[in-house]
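I have placed the structure first, in the form of structure tokens, so that the comments after it can refer back to it.
Taken together, the values in this text are just the output of simple stated rules run on the coordinates, not laboratory data. Just so you know, these numbers come straight off a predicted model, no measurement behind them. Please note: Cβ atoms are built from the backbone with ideal geometry, for glycine as well, and neighbour counts cover all protein chains shown.
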Amino acid sequence: MLTRIKTLIPAGTGARALEVTVDVWNGPSGFKVLGLPHERAATDLRGRVRSALQAFGFSVPPRAITVTVEPAALDGNLEHLDLPVALALLASLGRLPDTALVGPICCGELGLNGSLRPVRGTLAVAEAAKPIGARQLLVPAANAGEAAAAGIAVIPVRTLAEAVGHLLEEAPLTRAAKAPFAPAASSPDLAQVRGQEAAKRALEVAAAGGHHVLLIGPPVSGKVLLARCLPGILPPLEPAEAIEVTKIHSLAAAEPLAGLVAVRPFRSPHPGLSMAALLGAGPGPRPGEASLAHAGILFLEDLPDFRRGVLEGLGQALDEGRVTLAWNRERFRFPARVLLVAAMSGCPCGHLGDRTRECRCPRPLIQRYRSRILEPLAGHIDVHVEMEALSKLELRSPAASEPSSAVAARVLAARQLQSRRYADAGPQALNASVHPEELSRHCELTPDARRLLEVATERLALSDHRRGRTLAVARTIADLDASDVLGAQHVAEAIQYQAPAARASRASS
């Protein structure tokens, strides 16, 4: 008897529709699986399905069985096929009516005891199931809350026996409720950070306009703590962003997600990470750190320790706002719109800005050091901040700065202004990401501001690109002041953030 069942497996942040066909006839005993990328995958699937059926109380009879997956499945996420293969085999052997498999979509990995194990990417599968007219989606119970966020009827299944009972309508299962937002650890508050008011202001500007930022200072200046405060001043995720972020994290999570991702991600990869770890790799493929930080912060501590090739790959991802991976003759795209925060010492010895140790590095050496390290990302970082270590007296004094909530309110108001201004450019358009021509239409300068910008362009030898980035930062600073016009004070602050990189670039040329 021939039985067909439709299913879906994750492919990037989407899903691929497959059709599983099971044919059983009175021929030489055998269990063939066709359409998988290699024999190991076929062997694993056969073993799991056989054991699960035996645990269900049904032994596979000694007949000729052929399972075909069309179109041929690529490597990655093949465990999703276990449940549809088992159900189609039961239908071919007369234990399920064919009509029970028309309408529902099912996926899940079978344990040897017949249980349904959680799988990755169920939210992407659920979103793809709606357009093809699926009435229900049967998934492992641990993944049901995540999948229900797509708005489709999701049925949580714990065992193969439960799936059969539900399809036979002998023991119908209850539709899963949409999972709440997953709990997340809170970020440090800016009020806990002593001193470093200039750096706090720089983070506010970066958060408001989506500008990448570099913190330069000695090891004890508080760069890491400041970076970890950044999620607390960013606006909350929009519903569409939460869905997108959750789909990405579902593909990489070792354990099922407790619900939708509620806060913007903060990723701090080790400096020794490879290009594959940063951008993603197979099988599947799986997203890398750049995509796992999508809609959030990618923090590169100790920037000089990262390999140059890795930083160049990151630069391309920042340009495009996504990562494109070639895998098994196909291309997969993962979003990677991140706010980059990098941190480094100001000089080779690391003592520049440290009040307890003297830096003996000559100024030309410092300039060459910074220029060499920043070259792969020089065109992307808009905000450069020079920091000094705090004195013992400053460290002992109580913090007296604004709380993160006050800064977050200003950041949100500035982003709302940009959202209205760039309504035609998309919902996530910010000053840092819009096209330069679009930005220039909204950068009306006062006479004093224009003169100041021209003087800075000449004295600092700003390129056209760097001049445009200075205008973008000035536009953000004006947005924080709710000003339509860019004044001299806005341009002056923006130049302050550009000057260190401009001097280093000029010295190395």
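Need one number for the range 317-439: average projected area of the convex hull over its C-alpha atoms, nm².
12.7
Among Leu298, Ser274, Leu325, flag the residue with its Cα farthest along the positive direction of the charge dipole of the range 190-404, charges on Cβ as +1 for Lys/Arg and -1 for Asp/Glu.
My answer, from the dipole projection, is Ser274.
In degrees, nearest 10, range 0 to 90: what is the angle between the Cα axis of helix 197-209 and the longest Cα principal axis of the chain?
50
Tell me, rounded to the nearest percent, the portion of alpha carbon pairs in the chain spaced more than 44 Å apart.
29
For the range 2-167, state the average projected area of the convex hull of the C-alpha atoms over all orientations, rounded to one decimal in nm².
Average projection, Cα convex hull of the range 2-167: 8.3 nm².
If you rank Val263, Val411 by fewest surrounding Cβ atoms within 10 Å, what's the result?
Val263, Val411
Please work out the Kirkwood hydrodynamic radius for the range 190-404, using every pair of different C-alpha atoms, and report it in angstroms with one decimal place.
For the range 190-404, the Kirkwood estimate is 18.3 Å.
Determine ³J(HN,Hα), in whole Hz, for all residues of the range 99-110 in sequence, where each value follows from phi through the Karplus function 6.51 cos²θ - 1.76 cosθ + 1.60 and θ = phi - 60°; x replaces Gly and Pro.
Here the 3J(HN,Hα) series is 5, 5, 9, 9, x, x, 10, 9, 7, x, 8, 8 Hz.
Using a cut-off of 24 Å between alpha-carbon atoms, which lysines can reach Lys200, once sequence neighbours fewer than 8 places away in the same chain are excluded?
Correct list for Lys200: Lys223, Lys392.
In whole Hz and in residue order, list the ³J(HN,Hα) couplings for the range 291-300 that follow from phi through the Karplus curve 6.51 cos²θ - 1.76 cosθ + 1.60, θ = phi - 60°; x for Gly and Pro.
Those phi angles translate into 7, 5, 8, 3, 6, x, 10, 10, 9, 9 Hz.
With charges set only on the Cβ (+1 for Lys and Arg, -1 for Asp and Glu), what does the dipole of the chain come to about its Cα centre, in debye to the nearest 20?
700
What is the angle, in °, between the Cα long axis of helix 447-459 and the longest principal axis of the Cα atoms in the chain? Nearest 10 is fine, range 0 to 90.
The angle comes out near 90 degrees.
What angle, in degrees between 0 and 90 and rounded to the nearest 10, separates the Cα long axis of helix 39-56 from the longest principal axis of the Cα atoms of the chain?
For 39-56 against the chain, the angle is about 60 degrees.
For the chain, just give the cysteines left without a disulfide-compatible partner, judged by no other Cys Cβ under 4.7 Å.
Cys106, Cys107, Cys229, Cys349, Cys359, Cys443
If you average 1/r over every pair of different alpha-carbon atoms in the range 90-213 and take one over that average, what Kirkwood value in Å do you get?
Hydrodynamic radius (Kirkwood, Cα pairs) of the range 90-213 is 17.6 Å.
Taking the alpha carbon gyration tensor of the range 99-152, what are the square roots of 5 times its eigenvalues, largest first, to the nearest whole Å?
The three semi-axes for the range 99-152 are 19, 14, 8 Å.
Please tell me the relative contact order of the chain in percent, rounded to the nearest whole number, where contacts are Cα pairs under 8 Å and at least six residues apart.
With pairs under 8 Å counted, the relative contact order is 14 percent.
What percent antiparallel are the DSSP beta bridges of the chain, to the nearest 5?
If I count the DSSP bridges inside the chain, around 50 percent turn out antiparallel.
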